[in-house]
Structure formats: structure tokens, C-alpha cells
Amino acid sequence: MTRRFTTVPFQLVVLLMCLLFGFDRPVTAQSENDGYKSSVFDPKYIPYQELLITPKTHAGLFSFTGRWRRRRETYTASRWPGTYFTALIYGDICILKLRPKPQGVIKDYSFYVSVDGSEDLLYTLPEFDSLDKNREIIFVPITIPGAKKPEEGKEKEKEKTLDPHTIRIISVADHPFSFEGFLVANTLVRQGSLWTDGQDERLFVEFIGEGVDAEVYGGLLGYDHDNSGGGVGDDGSAHAVKQVVKNGLSVVNSTQFRAGEILGIRHSHADCGTCFLNSCDPRDPLPGLSVQYFNENPLPTKLRSEELRKLSKQYQDMMQKGLQFFRDDPWLKQIVPNAVIVDVGERDFLRLEEPVDGEKFRRELMVFLGRLRESARPNSKIVVVGRDWENADRSVSKSTFKSVVPLNDDMTARRIKLFQIIKDVTQKIYEEDKNLALAVIRPSASPKKDMLNVLCTHAVPVFHAPPRSVNLLAKRPHPNKQQSLCVSLGNVKHNSGEDPEEAEEIEIAGDGSTIKIEEHTAPHETAHGTRFIFLYGLILVAFIIGLGYLLARPFLMVLTNLGVVQGNRKVYGVRDMDSGMGFGFGRANRSRLAKEKNSISVPRSNSGSEEEGFVVLAGGGSQSLGTGRRGTTKGKP
């Protein structure tokens with residue numbers, strides 16, 4: 001008896017029953033905020049309410065502008081000013097996943113956020129230690145304007161649709177922006193590359209140099225020499241560098257940045273806060289923009305020359321690592337600008353006690369433009385900006401632009417010398433490079449409007465309306481936002497109304513030399529409107545004839561069988577009214593359909609054809625019209 005309980009099958013049955021009764025626990029209900037989970041499920045199988053989208057997992061939702069670097073899953077902006085990216089998200093949930101670079105304690109980690117083209121808002125994080133393991137990843141919720149919040153006491157309704165939103169984040173050069181992606185509403189996104197392709201087709205302009213903003217205290221980057229002492233990098237020195245504008249506020253409010261925003265174009269900026277020439281400032285002899293432009297990152301603005309010399313050669317090379325302009329990365333697509341605006345020289349001539357040597361500046365500018373064409377922007381249009389202060393507007397003295405450069409004879413002579421050098425260099429290079437132009441600015445009371453005129457003249461293609469056509473169905477093209485704005489500003493090129501097939505000739509400084517500018521015209525119709533009308537009419541007539549034949553065929557069949565209409569073919573087809581099954585046959589030399597129920601054979605009189613036909617009368621059933629065949633000896637009366 002005891003052997004029955006000690007057998008292996010009996011022990012397996014007992015073990016199975018223990019497992020069933022011992023682990024059969026009911027699933028406990030959870031609140032909606034806890035997600036889809038229970039006490040039975042393993043936590044690693046709990047689906048989250050949010051979905052993490054990254055440029056690697058959803059490449060069609062991210063568009064980068066400026067110089068960026070990718071390391072594994074982290075995307076880091078360069079220290080060049082105005083670097084930003086744009087993302088397309090769906091729904092009202094948007095949580096930014098930051099991964100700041102390890103750089104010790106950060107007091108003011110800031111960046112600008114714009115949602116759906118709204119004003120740029122400054123986001124500043126509280127002080128944190130980037131070396132702390134608990135602060136390696138920081139989640140920052142982004143506020144979506146107009147997001148609907150559920151009322152108190154009412155259950156949250158399930159969203160049936162997720163509205164798209166564009167998020168633009170601008171990096172601040174003091175603490176480059178570094179992120180992995182966004183947490184959005186958990187849904188399946190199949191965007192493809194339609195949106196990113198549209199972003200790539202937008203007009204893209206790159207600005208080199210700070211231009212007229214070099215005359216403002218703090219310049220484009222917000223750093224300047226302070227004779228009062230106590231600046232960054234020096235203790236009480238007479239030439240200390242001090243940050244006079246924080247959080248990149250000088251960048252987003254600069255003349256170049258605002259002009260690009262007004263036109264609604266993509267724009268990047270390259271400025272390092274130094275002169276164009278190397279070691280031009282005896283107070284702080286650092287590499288100039290002509291050299292640093294070709295690096296992946298500029299030197300930190302707070303770094304002094306004596307501090308740079310104390311660093312090891314390896315560390316100096318790492319800080320001045322060259323940029324690979326033609327690098328191909330499927331998860332970090334680099335877009336080549338359509339136009340490059342070179343606006344340099346103000347800091348070299350106007351912000352120093354003694355200006356730089358004119359011949360040295362001429363030689364370095366020529367070398368830089370040649371290297372820019374060969375190594376960086378072989379297909380982009382290069383526009384060199386020069387300001388003609390001899391023919392400046394009289395209202396320039398009433399400008400609200402806060403320039404620290406005095407309007408005296410000495411500074412006026414420096415401005416004229418700088419313009420003459422830029423004009424000579426541009427004319428000489430134009431002989432070899434026809435895709436280069438000189439933009440002459442006659443300064444007015446609004447530097448922003450002056451820059452807009454430069455962009456309208458040399459970057460925005462001119463819209464030419466096609467000739468009026470008699471084709472009423474053809475869609476007439478219209479100017480885009482940039483072209484309409486240039487017309488409203490009264491730009492000469494966009495309001496000239498010249499022949500679109502003729503290129504415009506723009507005079508340089510009134511010396512008779514000209515630069516040819518190729519223009520993009522609106523698409524013209526490939527054929528005259530009358531041809532389209534004739535084709536539409538022919539198609540319409542054919543359609544009416546075919547439709548009339550299809551509608552008249554049943555009536556002709558009945559009339560022919562009743563003898564009202566005479567024809568070679570007496571029966572055209574039949575349909576059984578009870579079963580709904582149709583029978584019929586084709587013309588001569590075609591196989592006949594097999595007879596079915598309710599079908600009759602109809603002899604033809606005065607016809608040499610022995611084809612059979614079928615006829616159906618209303619109400620179902622069939623009526624025999626005769627069963628005899630011509631040429632047969634037998635037949636029923």
C-alpha cells in the first residue's frame with residue numbers, strides 16, 4: 001500500500017497540485033497612474049506610459065542645425081553660438097532626457113526652448129554636480145502651450161488623436177547642450193523622412209563672424225575686457241575678461257540671429273569672441289576666427305592665452321580638434337548651407353587701440369576664403385559683407401544701436417580702410433570663383449534691416465510669376481514667406497520685375513565692375529493652356545460616348561427582340577430575374593456561353609448565322625421564340 005504513495009507519478013501529481021494551489025493568487029488592481037502592472041508580473045515587463053524617442057530610434061523626427069557630435073546614444077552640441085535642433089513630437093507629453101557632460105558643479109545650466117514657433121523661453125536648472133552618479137541623467141518636462149488638463153472630479157478621457165508639435169532647443173555656449181531624446185506619449189510613430197526632408201529643403205544660411213554686433217559691449221558671446229578688474233581668468237588685472245551678458249542672451253538678440261528668425265530660415269553662427277587674425281589682441285593673444293572656424297569647437301571664451309600655454313600639447317590638440325565637414329553619419333545628418341555670410345574685421349579694426357596691419361588682413365582674408373571654398377563649402381554661395389561708411393545714411397546717428405565705437409574721424413578712416421580691403425579681395429577672388437559676391441551695406445538707423453536686405457538680395461531666390469494662362473485648372477504658384485517679406489521690405493532685387501530668364505547685374509561700389517547673380521524662377525507650364533483644354537474636351541467626349549453606350553445597351557436589346565429595332569443581331573444578352581444570373585455572348589467568331597436554366601434558343605430569320613441567343617421576360621421565366629435552326633430538316637412546329 002505504501003508503494004503507491006512512493007511512486008514517481010504520484011509524487012509529480014502532488015507537486016503539481018501544490019504549485020497550483022500555492023501560487024494561484026488573484027491579480028490586484030492598480031490605479032491608472034501606476035501603469036499596466038500587477039503583483040504577479042515581473043517589473044521588467046511593465047510597459048511604460050511614455051515612449052523614449054531618440055535621433056537613433058526615430059531619425060525622421062529630429063533635425064540638427066549647426067555643429068553637433070554623437071557618442072553612442074548621446075548627442076552633444078558644440079560651443080559655437082546659436083547651435084540648435086528641432087524635433088517633431090505627438091501629443092502633450094514631452095519630457096526631455098538630459099545627459100550633461102561631466103564638468104563638475106554647474107551653477108546655471110541653461111538652454112532656450114521654443115514650441116511651435118513661439119518665443120524662445122530660457123530654461124535654467126538648479127545647481128547640481130555633473131560628476132554625481134545620481135545626476136548623470138536629468139528629466140526636464142517641457143510645457144506644451146494649450147495642452148488640455150483634466151478637470152478635478154472627472155475621469156481623464158482617452159485621447160483619440162495626438163496633435164503634432166515642433167520643439168526647438170538652442171544650446172548655450174557656456175554649457176553645451178547634451179541629451180538623449182524625449183519621453184512622449186507611448187504610441188507607434190511611423191513618420192518616415194517626409195518631415196526631415198522638408199526641413200532639409202528650407203533655406204539655410206551660415207554666418208561667419210559677429211559683424212556689427214562686435215561694436216556692442218560684450219559682442220556676440222557676451223564677454224568683454226573690463227578695465228575695472230575682477231574678470232574671469234584674472235584677479236584684478238587691467239585686462240580681465242568678464243562675462244557681461246549671461247545665458248547666451250546676446251546671441252538670441254543679435255542682429256544676425258534676429259534677421260534669420262524674421263525670415264524664418266535655418267541659420268547657424270560661427271564666432272569665437274576673438275579677432276579674425278591670430279594673436280591680434282595684445283591683451284589676450286589667442287588663435288583667431290580664421291583658424292578656429294575649421295575646428296570642431298572654438299576655445300572657451302573664458303580661457304586666457306597664458307592658461308592655454310600652460311596646458312599640455314595633447315590637451316591643446318584635443319581642444320582644437322579639426323572638424324570633418326563631409327562626415328557621413330546616418331543618425332546625425334549634416335546639412336550644407338545654401339549661403340555663407342562672411343562678416344568679419346570689425347573687432348580687428350574698431351575694437352583695438354591700434355588696428356591690425358592692412359596688408360596682413362588682406363592676405364589672411366584671401367587665404368581664408370580660398371580655404372573655405374576648398375575645404376568646407378565647395379558648393380555654397382559665399383557672400384562677403386562690406387560697409388560703405390562714406391555713403392552711409394544720415395539717420396545712422398539717430399540709431400538706437402548701442403555701439404561703443406565713437407563716430408570720430410579716426411574711426412571713420414578705419415571703417416573706410418576695412419571696406420576698401422574687403423572690396424579689393426572680393427573682386428580679385430571673383431575672377432576665379434563666380435559663386436562669390438560682395439554685399440555692400442550703406443549703414444542706416446536699423447542694422448537689422450540692413451542685414452535683412454543682404455539676405456534678400458543674395459540668399460533668398462527671387463519669385464517670378466509665370467505668364468497668365470487660359471488654363472483654368474492649372475495651379476498658379478505663389479511666393480513663399482521669405483519672398484513675400486523681401487517684397488514688403490522694399491528690396492530692390494525682389495521688386496525689380498525684370499525678365500526671369502535674364503540674370504541680374506549688381507554694381508559693386510559704383511566702380512563699374514559687376515557680379516552676376518543667378519536667380520531661381522518659379523516653375524512655368526510645360527504646354528500652352530489651349531492644348532490642355534483640347535485634351536480635356538477630347539477625354540470628356542469619349543467618356544460621354546462610352547457612358548451613353550453602356551446605358552443604352554439594355555434598351556437596345558429589348559427593342560431588338562420586340563422587333564422595334566432592326567439589326568443584324570437580334571439578342572444582346574439576358575439576365576435571369578429570379579436567380580440574378582446573367583447570360584450572354586459576344587460577337588461573331590466568339591465562343592458561345594453554355595445554356596442554363598430558363599434559356600431558350602432563338603432562330604434567326606434572313607441571317608446566315610447560327611448563333612443562339614437568350615431572352616428573359618419580366619417576372620422570371622423565359623418564353624420560347626422558336627426552336628428551329630436554319631438548315632435543319634427537323635423542327636418542332
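The values are calculated or read from the model by the stated rules, or taken from the named source; none is laboratory data. Everything numeric in this text was worked out from a predicted model, so none of it was measured. Glycine also receives a Cβ, built like all others from the backbone with ideal geometry; neighbour counts cover every protein chain displayed.
Mind listing whichever residues of the range 253-292 are within 14 Å of residue 343 (Cα to Cα) and either assigned by TED's automatic domain parsing to the domain that holds residue 77 or among the acidic types (Asp, Glu) (or both)?
Answer for the range 253-292, where residues must be within 14 Å of residue 343 (Cα to Cα) and either assigned by TED's automatic domain parsing to the domain that holds residue 77 or among the acidic types (Asp, Glu) (or both): just 271.
Mind checking which residues of the range 86-112 are of a type in the set (Ser, Thr, Tyr) and closer than 19 Å to residue 181 by Cβ?
Those that are of a type in the set (Ser, Thr, Tyr) and closer than 19 Å to residue 181 by Cβ: 86, 90, 109, 112.
Being in contact with a helix residue (DSSP H, G or I) (Cβ under 8 Å, 6 or more places away or on another chain) and not in a helix (DSSP H, G or I) is the filter here; which residues of the range 441-469 pass it?
Once the filter is applied, which keeps residues that are in contact with a helix residue (DSSP H, G or I) (Cβ under 8 Å, 6 or more places away or on another chain) and not in a helix (DSSP H, G or I), the range 441-469 yields 441, 442, 443, 444, 445, 460, 461, 462, 463, 469.
Looking only at the range 338-384, which residues are over 19 Å from residue 289 (Cα atoms) and touching a residue at least 24 places away in the same chain (Cβ under 8 Å)?
Result: 338, 379, 380, 381.
How many residues, within the range 173-198, are surrounded by fewer than 16 Cβ atoms within 10 Å (Cβ to Cβ) and either out of contact with any Leu (no Cβ under 9 Å at 6 or more places or on another chain) or modelled with pLDDT of 90 or more (or both)?
Residues flagged as surrounded by fewer than 16 Cβ atoms within 10 Å (Cβ to Cβ) and either out of contact with any Leu (no Cβ under 9 Å at 6 or more places or on another chain) or modelled with pLDDT of 90 or more (or both) within the range 173-198 amount to 6.
Any idea which residue in the range 325-334 is surrounded by the fewest Cβ atoms within 10 Å (Cβ to Cβ), counting only those that are out of contact with any Lys or Arg (no Cβ under 7 Å at 6 or more places or on another chain) and in contact (Cβ under 8 Å) with a residue 12 or more places away in the chain?
The extreme case among them is 330.
Would you point out the residue of the range 400-421, among those that are in contact with a helix residue (DSSP H, G or I) (Cβ under 9 Å, 6 or more places away or on another chain) and over 13 Å from residue 389 (Cα atoms), that is modelled with the lowest pLDDT?
Among residues in the range 400-421 that are in contact with a helix residue (DSSP H, G or I) (Cβ under 9 Å, 6 or more places away or on another chain) and over 13 Å from residue 389 (Cα atoms), the one modelled with the lowest pLDDT is 401.
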